[in-house]
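Asker: The structure under discussion is supplied below as structure tokens; questions concerning it will follow.
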Amino acid sequence: MKAFIFDLNGTMVNDMPYHAKAWTRIANEELGGNFTDSEIKNNMYGKNAEVLVRLFGSDRFTSDEMDKLSEDKEEQYRREYIGELALLPGLADFLERACQAGIPMAIGSAAIPSNIDFVLDNLNIRHYFKAIVSAHDVTHSKPDPESFTKPAALLGVKPEDCIVFEDVPKGAEAAKNAGMKAVILTTTHPREDFAKLDNILHFASDFNDDYFAGLI
């Protein structure tokens, strides 16, 4: 393969429990919802405004209210996760080896820019990525392919020459819709949740899996 495209949350860093905790506090404690952990997890994808609409309907909040709730949620997430912030095991070495091999890499994430900056800059890994596509850079969220086709275009690589690294079914579906194969990190969902997708190359718990050595 000629390029690697990474989702961020749950794929590069195992932070999805912290996002879920922040969403649960916002949705249940602050907004009076009564959502189960499963309901939060299954709706926690895409842009924050889309999450709020899925949980509460399209008429509950104004655009400004959703922007404020989104900011509050992300501030809670960053405040609680900063002490645990770390790359998945083996990823630091994988990024360095891919860089040394001249494989261009990009990020295609539904995260907002400040959260991407939070991870890249605190872990000092921004220099590995030649393109970064955030929630603010796409019109349609995953499973729409734009989050992956756009970074591929910025890298100057054909979709079929890219491998996507993902952790959720909607992201793997977005890769399929982009014409890309995907490798799944099982930090967030078990492999059976991806059973309907035929573009999955491999499942791994982290980047220490022997499979990754063969990709470079």
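Asker: Using just the Cα positions, wrap the chain in a convex hull and report its mean projected area in square nanometres, one decimal place.
Answerer: 11.2 nm²
Asker: Quantify, in whole percent, the carbon and sulfur part of the accessible surface of the chain (1.4 Å probe; protein heavy atoms only).
Answerer: C and S atoms contribute 47 percent here.
Asker: Sticking with this one: Sorting check: for 181-188, 37-44, which peptide has the highest mean count of neighbouring beta carbons within 10 Å, and how do the rest follow?
Answerer: Top of the packing list down: 181-188, 37-44.
Asker: Additional query: What is the projected area of the convex hull of the Cα atoms of the stretch 80-140, averaged over all directions, in nm²?
Answerer: Averaging across all directions leaves 4.8 nm² for the Cα convex hull.
Asker: Same structure, new question: Quick check: from the Cα gyration tensor, does the stretch 67-107 come out rounded (a/c under 1.5), prolate or oblate?
Answerer: Taking the square roots of the gyration eigenvalues as a ≥ b ≥ c, the stretch 67-107 is oblate.
Asker: While we're looking at this one, here's another question. I'd like the distance separating the alpha-carbon centroids of the stretch 145-178 and the stretch 20-88, in whole Å.
Answerer: Result: 25 Å between the Cα centres.
Asker: Determine the shape class of the stretch 110-216: with a ≥ b ≥ c the square roots of the Cα gyration tensor eigenvalues, call it rounded for a/c under 1.5, and otherwise prolate if a/b is greater than b/c, oblate otherwise.
Answerer: rounded
Asker: Then there is this: Counting only heavy atoms of protein chains, what accessible area per residue, in Å², does the chain have with a probe of 1.4 Å?
Answerer: 46 Å²
Asker: Let me ask something additional. Per-residue counts of other Cβ atoms within 10 Å, averaged by peptide: what ranking do you get for 170-177, 206-213, highest first?
Answerer: Output ranking for 170-177, 206-213: 170-177, 206-213.
Asker: Between D64 and T36, what's the calculated FRET efficiency when r is the beta-carbon distance and R0 is 41 Å? Round to 0.05.
Answerer: Calculated transfer efficiency: 0.90.
Asker: On a 0 to 90 degree scale, rounded to 10, what angle separates helix 146-155 from the longest Cα axis of the chain?
Answerer: Roughly 40 degrees between the two axes.
Asker: What relative contact order, as a whole-number percentage, does the chain give when Cα pairs under 8 Å and 6 or more residues apart are counted?
Answerer: Relative contact order for the chain comes out at 26 percent.
Asker: I need to check one value: relative contact order of the stretch 143-216, counting alpha carbon pairs closer than 8 Å and at least 6 residues apart, in percent.
Answerer: Relative contact order comes out at 27 percent.
Asker: Something else about it: What percent do you get for the relative contact order of the stretch 1-57 when only Cα pairs under 8 Å and 6+ apart count?
Answerer: Over the stretch 1-57, the number comes to 19 percent.
The values are calculated or read from the model by the stated rules, or taken from the named source; none is laboratory data. Model, not experiment: these values are computed from the prediction. In this analysis, Cβ positions are derived from the backbone assuming ideal geometry, glycine residues included, and neighbour counts consider all displayed protein chains. Just the protein is used for accessible areas: all its heavy atoms, side chains included, with ligands, DNA and RNA removed. Shrake-Rupley method; radii C 1.70, N 1.55, O 1.52, S 1.80 Å.
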